[in-house]
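S.K.: Got a structure here, written out as structure tokens. Questions coming.
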Amino acid sequence: MSPHDPEALSRLRGFLEVTRVVRSEEELGELLASIAKSISESLGFATVVVHLYRPAWDDFEVTTVHGSPEAVARLAGDARGRDVWEPLLGERFARRGAYHVPHGAIDWETHAPGSYIPAMDGGAGPDDWHPL
């Protein structure tokens with residue numbers, strides 16, 4: 001299924017709408033895990049990571065990781081400040097309620113040293129996914 005498939009995007013929006021009915025922190029964790037798994041299966045991403053904003057610390061914490069054991073070990077609980085996220089959440093990357101950072105738009109080694117980068121090849125086309 002293509003990430004540009006309107007039907008797939010519609011189903012994923014439905015998952016996001018469900019987050020409005022979550023009543024407890026325990027329910028939120030289960031819901032986010034289910035959403036991450038569904039995104040992985042629907043769009044073919046091997047790793048899906050959910051970050052939540054924490055106003056008290058003005059940072060974004062990794063709360064959910066769906067993927068390899070290595071990805072979970074490296075990412076779970078990681079927190080990065082607003083200074084890391086603001087450049088990624090700019091209008092130039094905004095796409096219908098989500099953000100897409102194209103390959104080559106950010107120098108990840110400089111921007112977020114120590115980030116998890118999976119050991120795999122990216123696609124060959126200019127719009128294909130790349131791990132770095």
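The values are calculated or read from the model by the stated rules, or taken from the named source; none is laboratory data. Quick caveat, the model's predicted, so the values are computed rather than measured. Heads up, the Cβs are rebuilt from the backbone with ideal geometry, glycines too, and the neighbour counts pull from every protein chain shown. Side chains included, ligands, DNA and RNA excluded: accessible areas come from the protein's heavy atoms. Shrake-Rupley method; radii C 1.70, N 1.55, O 1.52, S 1.80 Å.
S.K.: Region 61-85 to region 89-122: how many Å between their Cα centroids?
M.R.: Spelled out, the Cα-based centre of one part sits 14 Å from the other.
S.K.: Let me ask something else. 5 Å is the cut-off here: which amide hydrogens, built 1.01 Å from N in the peptide plane, fall below it relative to THR64, excluding neighbours closer than 5 in sequence?
M.R.: Counting only residues 5 or more places away or on other chains, the set is VAL50.
S.K.: Which order do TYR116, TYR99 take by accessible area at a 1.4 Å probe, largest first?
M.R.: TYR99, TYR116
S.K.: Which loop trypsin sites (Lys or Arg not before Pro) in region 34-108, with loop taken from DSSP, have no more than 10 other Cβ atoms within 10 angstrom of their Cβ?
M.R.: ARG96
S.K.: Go through ASP78, ASP107, ASP59 and list them by solvent-accessible area, largest first, probe radius 1.4 Å.
M.R.: Listed by decreasing accessible area, they come as ASP107, ASP78, ASP59.
S.K.: ASP59's amide H: which non-local residues (gap 5+, or another chain) put their own amide H closer than 5 Å, with H modeled 1.01 Å from N in plane and none for Pro or chain starts?
M.R.: Here ARG54 satisfy the definition.
S.K.: Could you check the spin-label model distance between ARG80 and THR110? Points 7 Å from the Cα along Cα→Cβ, value in nm.
M.R.: About 1.5 nm separates the two model spin labels.
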